Amino acid sequence: MFSPNNIPIEELFSVAKSQIQMLRIPAFQARGIRLLVKRDDLIHPEVSGNKWRKLKYPLLQALQQKSEGIMTFGGAYSNHLLATASVCNEIKLPCVGFIRGEELAINSNPTLSRCHQLGMKLVFLPREEYALRNDFEYQRELKAAYPAYFLIPEGGASYLGMIGCQEIWKEITEPLDHLFVAQGTTTTSCGLLLAKPSSCTLHVVPVLKGFDVIQEMTVLLNQAMWEKEMIKEALGDLVVHADYHFGGYAKYNDELLTFIQTCANKYDLPLDQVYTGKAFYAVIQELEKKLYDGQTILFLHTGGLQGKLFNTSTEKK
Ligand SMILES: *Cc1c(COP(=O)(O)O)cnc(C)c1O
């Protein structure tokens, strides 16, 4: 499938750049723990990590249907919005971003400025209206305003998004005992769950406070047409690490910042303070437990380093 710009979309961003890095931490090595990191952050500086995986099939479908553009939703610092703007710019497909907050403007922050610069049309919505983003009737109105535009839900949270995330397994050739991943909309973790080898335990680290992981994942997994019992069973084996949100979405403290700095210096592992910093902090805490001796653990680095580059996207506690 070729894009309007004649770029084969499969080759637009090579996932070959997502190497597996082995972390040599003596205390863990002494206990026979193999700690691996899959570097999806290296796929592309803006269309980073899981955002490319979630966009791939919706874009393919949009092109197949000869859609005239893409429309999607996001908050003021959304990695998904930037990824969409960047990839649409690359394939020369128009795009519209519906932004939460009518008080915002193009120059409110570097994420929005960059989206605008990449050619995304930004539409700022009052919060009450934004709350309707998944409502069928509301989406119909948007489709009437932007006919022939393909709608991608907020955060790429869709069936096609999950299918893109399933493909991560194809690139992991060695057997794993555990895989850890950060969670926002749960699309990435649902995709991983759909294609997970039974010998590997999936661990999720939600970055939102008071987030109902099982409820959110059930809604998405229902879209994959799994039997209700099968969903229940699969989610029964999931391990949720709910206490690493550091106060809530985009909140952080000095301890987290110090941890991120240490990982960059000691292990050459760049992390952000919204998603991967929190999730990897959970990994390190978990591995202190005897349970993991002699096992192979993989942390999926989902990207998100734009927030770190701009360093203005978050709120210190
Ligand atoms: C969006 C994002 C996530 C969350 O992924 P979901 O599929 O929404 O659960 C995790 N990490 C990073 C870096 C992200 O940008």
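Working only within the range 211-236, note down all residues that are under 19 Å from Ala279 (Cβ atoms) and free of Cβ contacts under 8 Å to residues at least 12 places away in the same chain.
Asp212
So which helices (runs of 4 or more DSSP H) stay within the range 157-272 end to end and still have 2 or more residues that are in contact with a strand residue (DSSP E or B) (Cβ under 9 Å, 6 or more places away or on another chain) and either open to solvent by 30 Å² or more (accessible area, probe 1.4 Å) or within 14 Å of the ligand (Cβ to nearest atom) (or both)? Please lay out each step first, then the result.
Numbers: elements: 159-166, 187-194, 213-223, 228-236, 254-267.
Those helices (runs of 4 or more DSSP H) span 159-166, 187-194, 213-223, 254-267.
Can you list the strands (runs of 3 or more DSSP E) lying wholly within the range 1-117 that have 1 or more residues being open to solvent by 40 Å² or more (accessible area, probe 1.4 Å) and over 22 Å from Val181 (Cα atoms)? Let's see the steps before the verdict.
Values: elements: 20-23, 34-39, 69-74, 95-100.
In the range 1-117, the matching strands (runs of 3 or more DSSP E) lie at 95-100.
Considering only the range 281-302, I want to know if a residue exists there that is within 16 Å of the ligand (Cβ to nearest atom), at negative phi and at pLDDT below 95. I'd like the intermediate steps shown before the answer.
Here is the first cut: in the range 281-302, the ones within 16 Å of the ligand (Cβ to nearest atom) are 281-283, 298-302.
Then keep just the ones that are at negative phi; that gives 281-283, 298-302.
Narrowing the set further to residues that are at pLDDT below 95 leaves none.
Within the range 281-302, none of the residues are within 16 Å of the ligand (Cβ to nearest atom), at negative phi and at pLDDT below 95.
The values are calculated or read from the model by the stated rules, or taken from the named source; none is laboratory data. Everything numeric in this text was worked out from a predicted model, so none of it was measured. All Cβ positions, glycine included, derive from the backbone under ideal geometry; neighbour counts span all protein chains shown. Note: areas computed on protein heavy atoms with side chains; ligands, DNA, RNA excluded. Shrake-Rupley method; radii C 1.70, N 1.55, O 1.52, S 1.80 Å.
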